[in-house]
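**Q** Right, I'll just put the structure down here and ask away after.
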6 protein chains.
Amino acid sequence: MTPKQPTALDLPMIDPLPKETQKYFDICTEKLGMIPNVLQAYASDIDKLNAFIAMYNDLMLADSVLSKLEREMIAVVVSSVNKCFYCLTAHGAAVRQLSGNPKLGEMLVMNWRAARLEPSQVAMLTFAEKMTRASAEITDADRQALRDAGFNDRGIWDIANVAGFFNMTNRVASATDMRPNDEYHAQAR
Amino acid sequence: MTPKQPTALDLPMIDPLPKETQKYFDICTEKLGMIPNVLQAYASDIDKLNAFIAMYNDLMLADSVLSKLEREMIAVVVSSVNKCFYCLTAHGAAVRQLSGNPKLGEMLVMNWRAARLEPSQVAMLTFAEKMTRASAEITDADRQALRDAGFNDRGIWDIANVAGFFNMTNRVASATDMRPNDEYHAQAR
Amino acid sequence: MTPKQPTALDLPMIDPLPKETQKYFDICTEKLGMIPNVLQAYASDIDKLNAFIAMYNDLMLADSVLSKLEREMIAVVVSSVNKCFYCLTAHGAAVRQLSGNPKLGEMLVMNWRAARLEPSQVAMLTFAEKMTRASAEITDADRQALRDAGFNDRGIWDIANVAGFFNMTNRVASATDMRPNDEYHAQAR
Amino acid sequence: MTPKQPTALDLPMIDPLPKETQKYFDICTEKLGMIPNVLQAYASDIDKLNAFIAMYNDLMLADSVLSKLEREMIAVVVSSVNKCFYCLTAHGAAVRQLSGNPKLGEMLVMNWRAARLEPSQVAMLTFAEKMTRASAEITDADRQALRDAGFNDRGIWDIANVAGFFNMTNRVASATDMRPNDEYHAQAR
Amino acid sequence: MTPKQPTALDLPMIDPLPKETQKYFDICTEKLGMIPNVLQAYASDIDKLNAFIAMYNDLMLADSVLSKLEREMIAVVVSSVNKCFYCLTAHGAAVRQLSGNPKLGEMLVMNWRAARLEPSQVAMLTFAEKMTRASAEITDADRQALRDAGFNDRGIWDIANVAGFFNMTNRVASATDMRPNDEYHAQAR
Amino acid sequence: MTPKQPTALDLPMIDPLPKETQKYFDICTEKLGMIPNVLQAYASDIDKLNAFIAMYNDLMLADSVLSKLEREMIAVVVSSVNKCFYCLTAHGAAVRQLSGNPKLGEMLVMNWRAARLEPSQVAMLTFAEKMTRASAEITDADRQALRDAGFNDRGIWDIANVAGFFNMTNRVASATDMRPNDEYHAQAR
């Protein structure tokens, strides 16, 4: 089956895909029921695809002071500021799924301040939002607010890296009109 | 010699470094006369370090429709919008060096519109700046402007990825108060 | 059944409600399966409730050059700029329902530019967005763009009034932390 | 006497006006010496006119925790942020008249922070301004600031509704290039 | 008569004033019926006062491609963007006076786009507004628009200097809470 | 030697220059090794040149509560917000020179928050930045913060005037595409 172009750019996937890539995509199909379009988009450029997967998997799936749900919450809040259709769709679904709370996913997409979160999560999202809107104005006081909310320096590092990452992907997605897989929309409602 | 902390976070480098990392850092010292502080900062977390290096090297050093200088120009313009001290310092130096034109480096740091660039570079930096300020407002017309300026879709992809990347690193650097190596300031003046 | 407070303000509904109001609320329950919280919020103040209902019903339900779907599309786009949780939830559901296209509702909530709309709808939403962000900068050229897209002056009037209305309700909702009924979230997915 | 068009739209008043409307307009002429152009503009569409009048009269003239002057002060401050020529003219005149202080009207039009107001009015206008600029960022702390300044929840409700209303009318006026009656300019100087 | 402090700073006028200054102030009193508070404010610092007067008189009163009214129009539009109470009051009065059109003064204070100006004045104010809001984004195209509207390079120079000057005085006035003389408010209504 | 045009405007220097001006320019050449282009730009208009020089010399070189370095620091921070190529180049060099700290000059150009300054300088630059970005929002609290940091009212006055001045010159320079002398770039690195 030939996937239709996942972005507005005419950059077809390498064909045939390298064996390792094909294997990774087969696992996606098996586990997720789809190959996320972001991966298909990067598959025209295997070095960038591998770098992207390595960074993504480390940030979002590896061990961290932050739970997987918290990392997805950062993803959605950053994407909401940047109004990125792709990332809001894919990571909004992830928040609904990981939290078992569809409404939480909606609130983070629409306006995270509407969600009544615990103080450490408010601190985490406040920092991620400031990084997104006005990173140049971050000072020691902002880092201290995270420490006061219970994060150690490793936690601050992880928040910074996750929030940074989605400021990259949001922009790549919007710059190329990347389209999320239709499957996400109905998930975990 | 023990480097002092490269960020405001108390996250020391893994000690001893993995053999591969140590080798990479030795090459940096040999070739650049220093280990860039961003690498030292990531060296508390080897998986993130490796992912960062892989992505960086692919984007900035591998083959591309864009010259190395053009990629550094994007880096500086994005960092100027985000007012990132680390990246402006390191990549401002790179523009001065690669272009042999110290004034060009200064102009991109201060206000890229002051530089009298050729139309394709104006188009490239206009797109990178819009990605940085208002990525959600990018439409087909913006991509078409790049095509009209002579970029093919691979070139647009590369512009998008480089501009996206510095929107990540600018924010990680500002969020952690990452300090550039002092060596950069006097280079290629 | 006593509804819990629909806003952060302690302003209980008039009890008992005036007969006309009770009848209207009963119709809501029958037709919609709920009394929208915005009506419950206003029901502490019957004159404001009546004024609100009269204006709402005229704008959103009465005859207009604009279809009901188009009016809901304006509602969502305005609410997306203003990041109003209440209105995005309620009117996002309405777009999903009236269009039979759940993805359209999502796209308008997240970033209307991601939706591939016909030119007259693009013109309509461009005008509504400018009214929301920078109404003072609207000039004859903006009105002319609507005429060029096929709207007559009655249509421009209706667009202006619908877009204006949600700039009011978004702000009242956010100012009072108004909460949408939970029923909306799962509707028409 | 045929009034010239009160907006840039070609939407003549219903002719003849419904008896009730004509009576209302006659009262305006008698009491104010003019029919405010906003009413003439809405008179092409009697249902919208009636809804507008009902809401306006309830908000601005009915009983409230807020004095009539305070409601007009909110109107002017909101309109100053939105730079609405119509509303600044009409409600600037109202502030001058109700306060007997022409300079107060001027200061609210130009920059309300220049007026040396009592703390409860500062709190009220700070809230109205935040509603206008950044309603999505309003939190419990903002409502608490109003309570600390002496407003009860009914007062907060009224502030929210008045500030919301002018965010609607400012935008309708600017969207249609609505022109204030010339009479306002010289009033109460 | 001892004037009360014209700013929020406790910086009394030099006493006695230098003979030249006293003479200049006497002429103001005679011609304008007052000593503008900005001059009283600067009179604590005679060198700054003299520099200010020299620059002001050259810019606003000396020969120029621009009429005196046009220079006052720029003053008001710049001050409207910056919301400077002092300058809007004083130069709003000047526009009313020089134009013989009180409404024009009001429109420029409130929203210059509401005034139906001739194309060359629209071009002039568009440039002045862009200088105020986003001077770094001015390019040859903006200067060309002025030339297309009939201004020669001397005219552009004068526009730039007048618009620049009020971006200075607006900020000094707001920074020090400078209060305009009460006389301005009722002038030329 | 005929200097090439220092701006994008075709406004040649008066030729011959008035004797006083020629003498002043000769002193510049002798002391600075160049005639700053801003003076050459103004030399098409001797009255404006004289007013500019008088104001500049009073603000930047005369006695003040502020050191010369502090005044140059304000100049650079204001120019960084406004992204003025001319002023960042010329006054960035001045900060490097007066401080003997090239890195300080760079940091103020790029992001002054990266510099670890003493509290009184942070207060001074915070005020200058707010004057530049949002002068209309300055209140007594902002002036009090300066007093708390050790500035008397004369110091506040001087800060306000220096910060105001560069908000003028930044805009004149950007409006006319004024180019700094090449000599600045390599100075004091």
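**Q** Roughly how big is the A-B contact, given as buried accessible area in Å² (both sides, 1.4 Å probe, nearest 100)?
**A** On the way: alone 10520 and 10510 Å², together 17190 Å².
Heavy-atom accessible area buried at this interface is about 3800 Å².
**Q** Across the residues of C:98-108, average count of Cβ atoms on other protein chains within 10 Å? Kindly include the intermediate steps, with their values, before the conclusion.
**A** Numbers: counts 0, 0, 0, 0, 4, 6, 0, 1, 8, 4, 0.
Across the residues of C:98-108, the mean count of other-chain Cβ atoms within 10 Å is 2.
**Q** Let me ask you something else. Per-residue Cβ counts within 10 Å, from other chains only, averaged over E:47-55: what number is that? Intermediate results must be reported in sequence, preceding the final value.
**A** Working: counts 7, 8, 1, 4, 12, 5, 1, 7, 8.
Partner-chain Cβ atoms within 10 Å, mean over residues of E:47-55: 6.
**Q** Still on this structure, please answer the following. Name the residue from E:101, E:135, E:91 whose Cα lies farthest towards the positive end of the charge dipole of the range E:91-140, charges +1 on Cβ of Lys and Arg and -1 on Cβ of Asp and Glu.
**A** E:101
**Q** Oh, and also: How much accessible surface area, in Å² rounded to 10, belongs to the heavy atoms of residue E:26 with a 1.4 Å probe?
**A** Approximately 80 Å² of residue E:26 is accessible to the 1.4 Å probe.
**Q** Another question, then. Taking only protein heavy atoms into account and a 1.4 Å probe, give the accessible area per residue of the range D:19-61 in Å².
**A** On the way: 2060 Å² over 43 residues.
Accessible area per residue: 48 Å².
**Q** On average, how many beta carbons from a partner chain sit within 10 Å of the beta carbon of a residue in E:82-91?
**A** Details: counts 5, 13, 5, 10, 3, 1, 6, 5, 0, 0.
Counting other chains' Cβ atoms within 10 Å and averaging over E:82-91 gives 5.
**Q** Whenever you get a sec, compute what percent of the accessible area on the range E:12-71 sits on carbon and sulfur atoms (1.4 Å probe). Could you put the intermediate results ahead of the total?
**A** Working: 1760 of 3130 Å².
Roughly 56 percent of what the probe reaches on the range E:12-71 is carbon or sulfur.
**Q** Give me the tail of P(r) for the range D:75-157 as a percent: Cα-Cα pairs with distance above 17 Å.
**A** On the way: 1667 of 3403 pairs.
Summing the P(r) tail past 17 Å for the range D:75-157 gives 49 percent.
**Q** GNM on chain D, C-alpha springs below 10 Å: top fluctuator among D:97, D:22, D:40?
**A** D:22
**Q** Rounded to the nearest 10 degrees, what's the angle between the helix F:19-32 long axis and the longest principal axis of chain F, both from Cα atoms, 0 to 90?
**A** 60
**Q** Which chain A residue hugs the A-E rotation axis most tightly by its Cβ, and what is that distance in angstrom, to the nearest whole number?
**A** A:136, 8
**Q** Before I look further, what does the range D:95-163 give for accessible area per residue, probe 1.4 Å, in whole square angstrom?
**A** Roughly 37 Å² per residue, with all protein chains present.
**Q** Please state the relative contact order of the range D:1-124 as a whole percent: Cα pairs under 8 Å, 6+ residues apart?
**A** 16
**Q** Relative to the longest principal axis of chain D, what angle (0 to 90°, nearest 10) does the C-alpha long axis of helix D:46-61 take?
**A** That works out to roughly 40 degrees.
**Q** Please identify, among D:139, D:176, D:89, the residue showing maximal mean-square fluctuation in a Gaussian network model of chain D using a 10 angstrom Cα cutoff.
**A** Maximum fluctuation in the GNM of chain D, among the listed residues, is at D:139.
**Q** Another question about this same structure. Just from the alpha-carbon atoms, what are the Rg and Dmax of the protein assembly as shown in angstroms?
**A** Calculated on Cα positions, Rg and Dmax stand at 30.5, 93 Å.
**Q** Something else now. Leaving out same-chain residues fewer than 8 places away, which lysines sit with a Cα under 18 Å from that of residue C:23?
**A** C:31, C:48
**Q** From the P(r) of the range B:19-61, can you give the percent of Cα pairs sitting at distances over 11 Å? All intermediate terms of the calculation are to be shown ahead of the outcome.
**A** Details: 602 of 903 pairs.
So the pairs more than 11 Å apart make up 67 percent of the total in the range B:19-61.
**Q** A further question follows. Based solely on its DSSP helices, what 222 nm [θ] is calculated for chain A when runs of n ≥ 4 H residues each add -39,500 (n - 2.57) and the sum is averaged over all residues, nearest 500 deg cm²/dmol?
**A** On the way: 10 runs with 128 residues, N = 189.
-21500 deg cm²/dmol, from helical runs alone.
**Q** In chain D, which cysteines lack any other cysteine Cβ under 4.7 Å from their own?
**A** Isolated Cys, chain D: D:28.
**Q** Give the lysines whose C-alpha is closer than 23 Å to that of residue B:103, dropping any in the same chain fewer than 8 places away, or say none.
**A** B:68, B:83, F:4, F:83, F:103
**Q** Hey, another quick one. Taking the Cα atoms only, what angle lies between the long axis of helix E:68-82 and the longest principal axis of chain E, rounded to 10 degrees?
**A** It is inclined by approximately 90 degrees.
**Q** Let me ask something additional. If you look at just the Cα atoms of chain A, how large are its Rg and its Dmax in Å?
**A** Cα radius of gyration and Dmax of chain A are 16.9, 53 Å respectively.
The values are calculated or read from the model by the stated rules, or taken from the named source; none is laboratory data. As the structure is a prediction and not an experimental result, all values here were calculated from the model. Every residue, glycine among them, receives a Cβ derived from its backbone with ideal geometry; neighbour counts consider all protein chains shown. Quick note on the areas: whole protein, heavy atoms, side chains included, nothing else; ligands and nucleic acids left out. Shrake-Rupley method; radii C 1.70, N 1.55, O 1.52, S 1.80 Å.
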